[in-house]
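For reference, the structure is listed below as structure tokens.
The values are calculated or read from the model by the stated rules, or taken from the named source; none is laboratory data. Only a predicted model underlies this, so the values are computations on that prediction, with no experimental measurement involved. When we count neighbours, we look across all protein chains shown, and the Cβ atoms used for this are built from the backbone with ideal geometry, even at glycine.
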Amino acid sequence: MGLLAFSPGFATGTPKEIKPTRRKLQPGGIQSPDKPISGAIDAHCHLDFKQFNKDRQEILDSARRSGIAHMINSGVDLSTNSRSLELSAKYDFISATVGLSPNTLESIREPELDMLLRQIEENADRAVGIGEAGLDYYHCKDAAGRRRQAEVFRRVIDLARSLDKPLVIHSRDAEQPALDMVKHLDKVVFHCYSGSLSTMKEALDRGYYISLATNVCRSGRHQILARNVSLERLMVETDSPFLSPRGGRNEPSFVLDSIRLISRIRGMEPQELARITAENTKRIYNIRSSTLP
Ligand SMILES: [Zn+2]
């Protein structure tokens, strides 16, 4: 979950907000309808969330038609981990990660926490990564809450290390502390990265991956990150149903908006950027799928 996760009112977007946006626009972005793109990957989304209950299959079909070859669906708690694994079992173009979002901790007590960590461990072989997990100082302002986030994050980090799986980090207003906690790991993805340029550079120097979400289309600060990120460590994601570049509900095909924008910033062909970001995603998550070139 990214920036707008848990924002009041956002997650419960009414159909009125959703339908006109999606119906009016061609999948893949009428803003730049010039050339089709193929083989792209949405490196982080939540297609199991209730916002897709009415039209999940339609959204998946639209993504596939638009040129999205693969999607990574991330769990944030017990039920979304299960549903992510179910989606990846059902569709060969979806892979799952299983995690424990810092934003779910307030409602979780110790027995459920143990259950969650056990669920992650027991299902790791069906997942391509561990996460999202991390630190969220934007939503949690008090010292005790932040200490608990760090304690739980430490346990997830230990799991990712012992399972030898990539760790998917959720960090908000806490990118540097999160980075400081994972420096002994080799395989790390900063999902929906929104931190400083200097922390990003430090993460890149360590060989970690930076995943930029579709809010890059609306944020000058994120566009500066896009200009400076190393292409060989860049991934693109929607964080659907959040962070839509078009307002309303986000969906995987809208990752093409980011690809078109970032390719313009970097002075390259959108198809080339789609290929590079897909290669990066396949490499870190070790994805081999019949849906991918
Ligand atoms: Zn997410």
Index of the failed condition, S95 passing every other in (1) in contact with an Asp or Glu (Cβ under 8 Å, 6 or more places away or on another chain); (2) within 16 Å of the ligand (Cβ to nearest atom): (1)
Might you let me know whether region 125-141 holds any residue that is modelled with pLDDT of 95 or more and farther than 27 Å from S194 by Cα? yes
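Is region 145-168 home to any residue that is hydrophobic (A, V, I, L, M, F, W, C), over 25 Å from H46 (Cα atoms) and either at pLDDT 95 or above or surrounded by fewer than 24 Cβ atoms within 10 Å (Cβ to Cβ) (or both)?
First pass over region 145-168, keeping only residues hydrophobic (A, V, I, L, M, F, W, C): 150, 152-153, 156-157, 159-160, 163, 167-168.
Right, trim to over 25 Å from H46 (Cα atoms) and you get none.
No - not one qualifying residue is present in region 145-168.
Would you point out the residue of region 130-144, among those that are touching a residue at least 12 places away in the same chain (Cβ under 8 Å) and of a type in the set (D, E), that is farthest from H44 (Cα to Cα)? Please lay out each step first, then the result.
Of region 130-144, the ones touching a residue at least 12 places away in the same chain (Cβ under 8 Å) are 130-140.
Of the ones still in play, those that are also of a type in the set (D, E) are 132, 136.
Values: E132: 9, D136: 18 Å.
Ranking the candidates gives D136 first.
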For the subset of region 38-77 comprising residues that are without any contact (Cβ under 8 Å) to a residue 60 or more places away in the chain and within 16 Å of the ligand (Cβ to nearest atom), which member is surrounded by the fewest Cβ atoms within 10 Å (Cβ to Cβ)? K50
Could you count how many residues in region 230-247 are farther than 14 Å from F190 by Cβ and in a helix (DSSP H, G or I)? 2
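Would you call T80 within 15 Å of the ligand (Cβ to nearest atom), at pLDDT below 95 and farther than 30 Å from M268 by Cβ?
Details: within 15 Å of the ligand (Cβ to nearest atom): yes; at pLDDT below 95: no; farther than 30 Å from M268 by Cβ: yes.
In short, no.
Residue check: is I276 crowded, with 24+ Cβ neighbours inside 10 Å, modelled with pLDDT of 95 or more and part of a helix (DSSP H, G or I)?
no
From L243, L225, L234, which residue is more than 16 Å from the ligand (Cβ to nearest atom) and in contact (Cβ under 8 Å) with a residue 40 or more places away in the chain? Outline the logic, then answer.
On the way: L243 fails: more than 16 Å from the ligand (Cβ to nearest atom); L225 fails: in contact (Cβ under 8 Å) with a residue 40 or more places away in the chain.
L234 is the lone residue from the list that is more than 16 Å from the ligand (Cβ to nearest atom) and in contact (Cβ under 8 Å) with a residue 40 or more places away in the chain.
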Looking at region 158-173, which of its residues are within 16 Å of the ligand (Cβ to nearest atom) and of a type in the set (G, A, S)? S171
Exactly one of these conditions fails for R227: (1) buried (at least 24 other Cβ atoms within 10 Å of the Cβ); (2) of a type outside the set (V, I, T); (3) not in a loop (DSSP other than H, G, I, E, B). Give me its number. (1)
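Could you list all residues from region 174-197 that are among the charged types (D, E, K, R) and within 16 Å of the ligand (Cβ to nearest atom)? Working first, answer last.
Going residue by residue through region 174-197, those that are among the charged types (D, E, K, R) are 175, 180, 183, 186-187.
The one that is among the charged types (D, E, K, R) and within 16 Å of the ligand (Cβ to nearest atom): E175.
Quick grid of which residues meet (1) out of contact with any Lys or Arg (no Cβ under 9 Å at 6 or more places or on another chain); (2) within 14 Å of S38 (Cα to Cα); (3) within 16 Å of the ligand (Cβ to nearest atom):
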residue: T214; (1), (2), (3): no, no, yes
residue: R221; (1), (2), (3): yes, no, no
residue: D257; (1), (2), (3): no, yes, no
residue: R266; (1), (2), (3): no, no, no
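Answer yes if at least one residue in region 90-101 is over 20 Å from S211 (Cα atoms) and either of a type in the set (A, V, I, L, M, F, W, C) or not in a helix (DSSP H, G or I) (or both), and no otherwise.
Within region 90-101, the first condition is being over 20 Å from S211 (Cα atoms), and the residues that meet it are 90-92.
Among the residues that remain, those that are also either of a type in the set (A, V, I, L, M, F, W, C) or not in a helix (DSSP H, G or I) (or both) are: 91-92.
Taking every residue of region 90-101 in turn, at least one turns out to be over 20 Å from S211 (Cα atoms) and either of a type in the set (A, V, I, L, M, F, W, C) or not in a helix (DSSP H, G or I) (or both).
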